[in-house]
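In what follows, a structure is listed as structure tokens, so that the remarks can point back to it.
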Amino acid sequence: MSDALNIIQDPTLTYHQELLALARLGESTDDSLRYSDAYYEAKKKGALCDLNEGVMPYRPRYICPDYSLLFEKGCKFLALEPPKDLLEAVNALEIFYCHVPSITSFPVYLGDLDKLLEPFVVKEDRAFAKKVLGLFLRNIDRVQTDSFVHADIGPEDSVTGRLLLELTEEMQLAIPNLTLRYDPERTSDDFALACVKCMLKTAKPSFANHRLFVSEWGEDYAIASCYNGLSIGGGGFTLPRLRLYECALDAKSPEDFLARELPRHIDLQLEYMDKRVKFIVEQSSFFKTNFLVTEGFVKQENFTGMFGVVGLAECCNYLLGITDKKKGFGMNDEATALGLKIMDAIDARVKAHEAPYCDAYGHRYRLHAQVGIDSDGMDDSPGTRIPIGVEPPMLDQLEVNEKFHPYFPTGTGDIFKFEETWLKTPEAILPIIKASLSRGLRYFSGYLENNDVVRVTGYLVKKSEIEKLRAKKQSLNNVTVFGMGAQDGGHALDRRIQEHDESAG
Amino acid sequence: MRAPVNRIIPFSNVDGPGNRTAVFFQGCPFNCLFCHNPETIHLCRGCGVCVETCPAGALGFDGDGKVVWDREKCVGCDTCIKVCPHDASPKVRWMTVEELMQELRRCIPYIDGITTSGGECTLRNEFLIELFTEVRKLGKTCLIDSNGSFNFEADPRVLAVSEGVMLDVKAVEQEWSDTLISHPRELVLKNLDYLLGVGKLQEVRTVIFPGRDRENAETVRYVAGHIGPTCPYKIIRYRPFGVREKYQKLLGEFETDKEYAERFAALARELGASKAFVV
Ligand code: SF4
Ligand code: SF4
């Protein structure tokens, strides 16, 4: 049977999912974008991974349009005037979203929804505004059917922010992903507590360290896709990843790894990124003709390449000969110290590399702790996370995270699963989040153990939708299938539960 | 000065408002039948029964014949606690205030304050005074979880360095009190009034037992009649989990029904304790 026939006959794929799979297959028929032999060898070994980005990129991986421009000037290509009221604003966004490409073909960034919509919302009666926003969220969930679709709110409290939280709780949808940009001076405790409650019940919003992101990107940054920091009016060209465990397999010692194998693999990944970025900018039509570019919704100089890593924990454990991961990275000072050394080395080498384009960032790529894909299984934990199932008590886990999160301007995060009593005491969670953010944590996600909507590694899925796929039925959400894979291969839903009195044990 | 610390819980959402570090001290003057952590009641007598049974070789004797516990080797199986004939635990660390502070400092940024509990922490009054003084220097609050066996009026120094007391009022009726807590109840009830009077009563807790209509009502009536509308009153359902088997037979092998407990919370509210609720 041909690959195309396989896709066409797969009973679990919706029409749209078939179309995307066929497009990917079509793209793979051209191999004119070539890399060095050493690159292919490392890829074959599993040390490098291109996240199935496709061999012929016809758009940047992540695009974060400046939606405020749409509201100021409208959009000629889509024949949209600047909206005059809430209905027009929501309608303009819904239309616009359908024309924002990405690696998934869905918009990975929906905008700072509270800021965009607040001027319109406050002119309406609250109940009417809520009705409109509810329909807006429903439209997103059913039309942008992919959990990597992401919206941001905060740092300030707003009527729109509150309505979005209320609706998120009431509607229990996996899409869109949601982030609160948290700033201790601009986000009130009251609003933050409302976000904690909503997060426990719906696995969103997550808390982003606003100050840290602003220090790296300026005020106009987006949190897109899983937890990816990028510029508004820009985005990410490409995101390949070093699978650090596999990178380490040929090293004779930690020193040998740092001196030889690590730099070698870093350079191969940089080669891949350079070629790809050039191709996207110079060969594909996106930056020449797409309306997002020609009308100024994104600018090429605001894009950067995202240098991804996964499996730091397994890499350190392997290099130190640690076989019991309960005593390894995250729980073991030597392994954690080695992890920091490795990250310092990656950071320095990537920063020393002169990248093509990426003008807004001094021609530099930025690091990303990639969240893992279903096929990683248990070999490579997401980014720099402690392997699932052996997480230490929350305090220890946070302390480790605080050390590693600063390395990753284009995103990293960790997830905490709480048992039911925490729902009654959101005020006990907020000080933990606040303290950890102030100590270097970049991104905090949480959810209650019994939710239907759960956070897998960075994205949200409904457990009930995974069950549909298992029963060989279709799931509208393109990402449900990854959730199933991560649950089966990576035990991604079995993370440690924070008990009501988390013991030092 | 050292005190026997049974456990430190870095993040707790059930030991007072917000996120708190809970420090459990070993030893309690009461012997409540429904105690969920009976291994915290007595100090180790050094009988050695547990030493042999430890599967991890974490227990042994020191030069003076005292039982010592190796934290690193311990796998947390709790076999030692199950076999101890004296309601004690070998897993106790005799810590100085400074040693304890060293562990607390890690938690400090993430918490609203600490809560000392037990066992009965007020047995370590002098230790608490020093500990609280140090914790307060770091801008955090200190709460005392107590069974009311300490005479706060006679020695109020610890109250001066703490936000107050979360007080258990377990039994009011004489006979029930004698059965349940094996300790005179007069001081507990005196503390209730005293702490309320000096503004140091943070909350009161009463456990409701299945089928004990009269005993439950009497305790709830008494407390509600005294505390009024400002102090939170937690009505806790009896749960057999962790309770010594022989006492489970007496008190009940099932937990108190939620609705049954709600009746007593309603009664308390009727009598003026408007902040009474079931947890
Ligand atoms: S809990 Fe007790 S018996 Fe079990 S390993 Fe630790 S010391 Fe030994
Ligand atoms: S803990 Fe109990 S069993 Fe072990 S030595 Fe002490 S009194 Fe004996």
For this session: Kindly provide the Kirkwood hydrodynamic radius of chain A in Å, to one decimal, from all pairs of distinct alpha carbon atoms.
Result: 23.1
Exercise. Which of B:CYS47, B:GLY18, A:LEU48 sits farthest toward the positive end of the charge dipole of the protein assembly as shown, with +1 on the Cβ of Lys and Arg and -1 on the Cβ of Asp and Glu?
Worked result: B:CYS47
Problem set entry | Rounded to the nearest 20 debye, dipole of the stretch A:63-198 from Cβ charges on Lys, Arg, Asp, Glu | 380
Seminar exercise, completed: the stretch B:80-122 and the stretch A:220-234 have their Cα centres apart by a whole-number Å value of 45
For this session: Find the centroid of the Cα atoms in the stretch B:154-174 and in the stretch B:224-279, then give the distance between the two in whole Å.
Result: 19
Problem set entry | Net length gained if the chain between A:GLU72 and A:THR294 were fully extended (0.36 nm per residue, minus Cα distance) | 78.3 nm
Problem set entry | Nonlocal amide H pairs with A:THR384, under 5 Å, H built at 1.01 Å | none
Seminar exercise, completed: Restricted to the stretch A:383-505, the DSSP antiparallel beta bridge percent, nearest 5, is 30
Problem set entry | chain B, relative contact order in percent, only Cα pairs under 8 angstrom and at least six apart counted | 18
Problem set entry | Spin-label proximity, A:ASN52 to the stretch A:1-23 - amide N less than 11 Å from point 7 Å beyond Cα toward beta carbon | A:21-22
For this session: Obtain the nm distance between the two label points defined at A:LYS123 and A:ASP347 by a simple spin-label model: each point lies 7 Å from its Cα along the Cα-to-C-beta direction.
Result: 4.7
Problem set entry | P(r) of chain B over all Cα-Cα pairs, binned every 10 Å from zero, in whole percent | 7, 27, 34, 24, 7, 1, 0
Seminar exercise, completed: Once both label points are put 7 Å beyond Cα along the C-beta direction, the B:TRP94-A:THR421 separation in nm becomes 3.2
For this session: Please work out the FRET efficiency for the pair A:ALA337 and B:GLU175, using the Cβ-Cβ distance as r and a Förster radius of 51 Å; give the result to the nearest 0.05.
Result: 0.25
Exercise. For chain B, what is the mean residue ellipticity at 222 nm derived from helices alone (per DSSP H run of n ≥ 4: -39500 (n - 2.57); sum divided by total residues; nearest 500 deg cm²/dmol)?
Worked result: -9500 deg cm²/dmol
For this session: Mind putting together the pair-distance distribution for the stretch A:63-198? All Cα pairs, 5 Å bins, whole percent per bin, short to long.
Result: 2, 10, 21, 23, 22, 14, 6, 1, 0
Exercise. Can you give me the Cα centroid spacing of the stretch B:45-73 and the stretch B:189-218 in angstrom?
Worked result: 39
Exercise. How much FRET efficiency would the formula 1/(1 + (r/R0)^6) give for A:ALA4 and A:HIS491, where r is the Cβ-Cβ distance and R0 is 35 Å, rounded to 0.05?
Worked result: 0.55
Problem set entry | FRET efficiency, A:HIS363 to A:GLU255 (Cβ-Cβ, R0 35 Å, nearest 0.05) | 0.70
For this session: Could you tell me which of A:ALA248, A:LEU262, A:THR289 has its Cα farthest along the dipole of the stretch A:208-318 towards the positive end, charges placed at Cβ (Lys, Arg +1; Asp, Glu -1), taken about the Cα centre?
Result: A:THR289
Exercise. Where does chain A land at 222 nm, in deg cm²/dmol rounded to the nearest 500, when only DSSP H runs of n ≥ 4 count, each adding -39500 (n - 2.57), divided by all residues?
Worked result: -12500 deg cm²/dmol
For this session: Note the angle between two axes, namely the Cα long axis of helix B:186-197 and the longest principal axis of the Cα atoms of chain B, as a number of degrees from 0 to 90, rounded to the nearest 10.
Result: 70
Seminar exercise, completed: Quick calc, the protein assembly as shown, dipole around Cα centre from Cβ unit charges on Lys, Arg (+) and Asp, Glu (-), nearest 20 debye, gives 260
Problem set entry | In nm, spacing of pseudo-spin labels at A:SER32 and A:ASP267 (7 Å Cα→C-beta vector) | 2.9
Exercise. With charges only on Cβ, +1 for K and R and -1 for D and E, what is the dipole size of chain B about its Cα centre, in debye, rounded to 20?
Worked result: 420
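Read the figures in this text as sums done on the coordinates, not as results from a lab. Remember, it's a predicted structure, so these values are computed and weren't measured experimentally. Backbone-built Cβ (ideal geometry, glycine too); neighbour counts: all protein chains shown.
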